[in-house]
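A.B. asks: Have a look at this one before I ask anything.
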Amino acid sequence: MRRTTTPVLLALAAAATLSGCAVGPDKRDPMENWNRAVFNFNDKVDTYALKPVATGYKNVTPTFVQTGVNNFFGNLQDLWTGGNNLLQGKGGDAVSDFGRFALNSTFGVLGLFDIASEAGLRKHKEDFGQTLGRWGVQSGPYVMLPLLGPSTLRDTVGLPLDFVADPWSYKDPTNVRTIGGVIRVVDQRASLLDASSLLEDAALDRYEFVRDGFLQRRQSQVYDGDVPETKAEENVPEQPSVNPTGEGTAQPAT
């Protein structure tokens, strides 16, 4: 999956969940019935296939090898991140990203070692969905994609360009590209095993937990953590309140 639950996402989702349970249809999620069905499908694929493989990979593979795999694919990602920072008008970040790629690809032995971070070049993570959001394109409805996980309509539209811009998608021969792609997914899933266990233990409604956390985190990514107050309110789930007559009505969480 391209996007998976992270500790940051979990913390945001926990805060949203504790602030109150959603009542009635969520305006951010008009396709909730469909999304829940896809979520359940993804969950079964993860439970019976991806998670066991990732667990075995984490238990058997030496830590330095896992770090090298993560660094290698992260180095490739720096190229597209730099491109998106350039498109967003963040020239300084783009120069840093391209510098990271150059440094790690050479002195870091094709990216296996993250020399750039040690040199003080901060790692960023940008994609075309974030670029569209930066230029004012609204996120649109929440979407749960088969195998790929949580997304929005805007991010889904940007996915094809993200795939095309991935240098690994042009790797030859095909069998090497396929094997590398599988290792990449398994490695990403292995790095999230602890976070997913927390999700399973903490969430009353795992679907809402993931959705609310994802939407808040995604908005934070678009604005580089500095979300305008009016925008932040858009992704706050509704919670019940009691009016003077004693009847429950949905009010924005504060």
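Nothing in this text is a laboratory measurement; each read-out follows from the coordinates by a stated rule. These figures come from a predicted structure and were not determined experimentally. Using ideal geometry, Cβ is built from the backbone for each residue, glycine included, and neighbour counts are taken over all protein chains shown.
A.B. asks: Can you give the net charge of the other residues whose Cβ lies under 10 Å from the Cβ of N75, counting K and R as +1 and D and E as -1?
C.D. replies: Once all neighbours under 10 Å are counted, the net charge is 0.
A.B. asks: For I179, I115, what's the fewest-to-most ordering of other Cβ within 10 Å of each Cβ?
C.D. replies: Lowest to highest Cβ neighbour count: I179, I115.
A.B. asks: Could you pull out the pairs from K27/K58; K51/K125; K51/K171; K123/K171; K44/K90 whose alpha carbons sit more than 29 Å apart here?
C.D. replies: Over 29 Å apart, Cα to Cα: K27/K58; K44/K90.
A.B. asks: Calculate the translational D of segment 55-145 in whole µm² s⁻¹ from Stokes-Einstein, where the hydrodynamic radius comes from the Kirkwood formula applied to all Cα pairs, the temperature is 25 °C and the viscosity 0.890 mPa s.
C.D. replies: 170
A.B. asks: List, in order, the whole-Hz ³J(HN,Hα) value for each residue of segment 46-58 obtained from phi through the Karplus relation with A = 6.51, B = -1.76, C = 1.60 and θ = phi - 60°; use x for Gly and Pro.
C.D. replies: The phi angles translate into 5, 5, 9, 10, 5, 5, x, 5, 5, 5, x, 4, 5 Hz.
A.B. asks: For each of M31, M144, count neighbouring Cβ atoms within 10 Å of the residue's Cβ, then give the residues from fewest to most.
C.D. replies: Starting with the residue having the fewest Cβ neighbours, the order is M31, M144.
A.B. asks: On to the next question. Go through segment 98-115 residue by residue and turn each phi into a ³J(HN,Hα) via Karplus (6.51, -1.76, 1.60, θ = phi - 60°); whole Hz please, and just put x for glycine and proline.
C.D. replies: Here the 3J(HN,Hα) series is 5, x, 4, 4, 5, 5, 6, 6, 9, 5, x, 6, 6, x, 5, 10, 8, 5 Hz.
A.B. asks: Over the C-alpha atoms of segment 26-209, what are the Rg and the largest Cα-to-Cα span, Dmax, in Å?
C.D. replies: 17.9, 50
A.B. asks: Within a 10 angstrom radius of the beta carbon, how do R177, R211, R122, R184 rank from fewest other beta carbons to most?
C.D. replies: In increasing order of surrounding Cβ atoms, one gets R122, R177, R184, R211.
A.B. asks: At V137 and V182, where each label point lies 7 Å from the Cα along Cα→Cβ, what is the point-to-point distance in nanometres?
C.D. replies: My value for the distance between the label points is 3.3 nm.
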